[in-house]
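Colleague: Structure below; questions to follow.
Every number here is computed from the coordinates shown, using simple stated rules; none is lab data. Please read these numbers as outputs of a predicted model, since none were measured by experiment. Reconstructed Cβ throughout: ideal geometry from the backbone, glycine too, with neighbour counts over all protein chains shown.
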Amino acid sequence: MELKKYQRRVVDEVERFLAALAAERAKGNERHAALDAWHALRLAGRYAERRNGLGEDLPTFCIKVPTGGGKTVLATQVLGLLYRSLLRERNGAGLVLWVVPSTQIYRDTLRRLRDRHDWYRIMLEHAVSRRLEIWEKHEIARLTPSRLTNNLNVLVVQLAATNRETREQLKFFRDSGGNIVEHFPPEDDREAQCALKERVPNLHMIEDDPSTGRHLVATLIGNLVRLCRPLVVLDEGHKATSDLARRTIEEFNATAVVELSATPVRDANVLVRVSGEELLDEQMIKLPINVATSGEKSWKHILTKARDKRLALAEAAAAYARETGTLDRLIRPIVLVQVGASKGDGSIFRTLSACVDRVEHAWARRAGCGADALCRLGLRGALRVPSGAANSAERAICASLSRLPAARRRQLCSAVPPAARGTSR
């Protein structure tokens, strides 16, 4: 898979920064290497220094890429650059923490990295020249020392944007068992336990008594991660983690943090910026986006115009399908109406319910639900408000439907897909 021009530019600029960073470290500048490399290249913006759990300089940079620009592809290439420069001694092996903000992104990332025929996995394997092992949090206890030494192990983790949720999601780092104990010295080897404590001072300990020289490291997943000193990828870095999660990641003795975001936070160290024009030039934006204003002052007239435009597009799509013989793949235009959240008496929902007789097929998506949580407006009863209509939207819509002529109610309900009709009352 050949990289796009803007992707090649991103890789080149990251490589230039890493080369400057390596040069600073070669001069003995371990404390402020990333900051001085940033200044040496005269990069835009202020660099915010970060430290890992050992107090070491933690190179942290962000790649700003619009949605749909191939952030995961860039992540695979940047990981390869890091392993060929700062982490050359690891020879492509070790541990990577891949942090995502949502369940949907988590599932998609996991699926694509585990698929041996997917380009994401192929490009990452090629970038690091190592066999990949992809782990979830409930599997990581099976990681053996030989796998850690011989493979690149990617632990995909979902961390929320709030501290409360993050506390729950971070609990698994306190788990033990499985093969984790194999990564630590035997409990009765006091000399090895003491040496490990001196090498990694921020390990969680069961026993830590300098006066007697007795030290016993806890065999936890979190301690294993600290030993591995992982690279960290923050997918959607602006919302991938809470403040608590960021602190925890840094305390895991990370060696570098790579953020990928379309809208980075104010204090992000934005190393490279990709514009929407660059994506357009590379045909990454496949369809034209036309923005127009109706000039109407009444929302009812605007909705009527939208209905008429949808009907015209539907007729054009049907004519095209008949001409090309693609009726089995008929394009079905939709109208998306976004209604702001209402407070108090639910007047916005009642306004929306008054629109039912202006649309052929009405659907609503409740804010905060998953992508598959689409509910047919008014399907739970046309003549009465059902007991299951617990929210004001459903009650208002059902009440509106009950005032429609019987023929119109039948028309609305007849358009319900079989799957949806089976779940409606």
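Colleague: Which aspartates and glutamates, if any, have their Cα less than 18 Å from the Cα of LYS309, not counting same-chain residues under 8 positions apart?
Modeller: Candidates past the 8-residue exclusion: GLU296, ASP357, GLU360.
Colleague: A follow-up question, please. For labels at ASN290 and ARG25 in the simple 7 Å Cα→Cβ model, what's the distance in nm?
Modeller: Rounded to a tenth, the inter-label distance reads 5.4 nm.
Colleague: Right, something else. Using a Förster distance of 30 Å, how high is the FRET efficiency between THR304 and ARG112, based on the Cβ-Cβ distance and rounded to 0.05?
Modeller: Efficiency for this residue pair is about 0.10.
Colleague: Take the alpha carbon gyration tensor of region 78-197, find the square roots of its eigenvalues, order them as a ≥ b ≥ c, and report rounded if a/c is under 1.5; if not, report prolate when a/b exceeds b/c, else oblate.
Modeller: Since a/c reaches 1.5 but b/c is at least a/b, the shape of region 78-197 is classed as oblate.
Colleague: Please tell me which of these pairs span more than 25 angstrom C-alpha to C-alpha: LYS5/LYS64; LYS4/LYS64; LYS171/LYS197?
Modeller: none
Colleague: Let me ask something additional. Between SER129 and THR67, what is the label-to-label distance in nm when each label sits 7 Å out along the Cα-to-Cβ direction?
Modeller: So the label points at SER129 and THR67 sit 3.9 nm apart.
Colleague: Also: May I ask you to sort LYS5, LYS71 by Cβ crowding, counting other Cβ atoms within 10 Å and putting the fewest first?
Modeller: Arranged by neighbour count, lowest to highest, LYS5, LYS71 become LYS5, LYS71.
Colleague: Which links in LYS27/LYS71; LYS71/LYS137; LYS71/LYS297 stretch past 29 Å when you go from one Cα to the other?
Modeller: LYS27/LYS71; LYS71/LYS297
Colleague: Please give the length that would be gained between ASN150 and GLU207 if that part of the chain were fully extended, namely 0.36 nm times their separation in residues minus their C-alpha to C-alpha distance (nm, one decimal).
Modeller: Value of the extension gain: 17.4 nm.
Colleague: Another question, if that's okay. Extension gain GLU282-GLU139, at 0.36 nm per residue separation less the Cα-Cα distance, in nm?
Modeller: 47.6 nm
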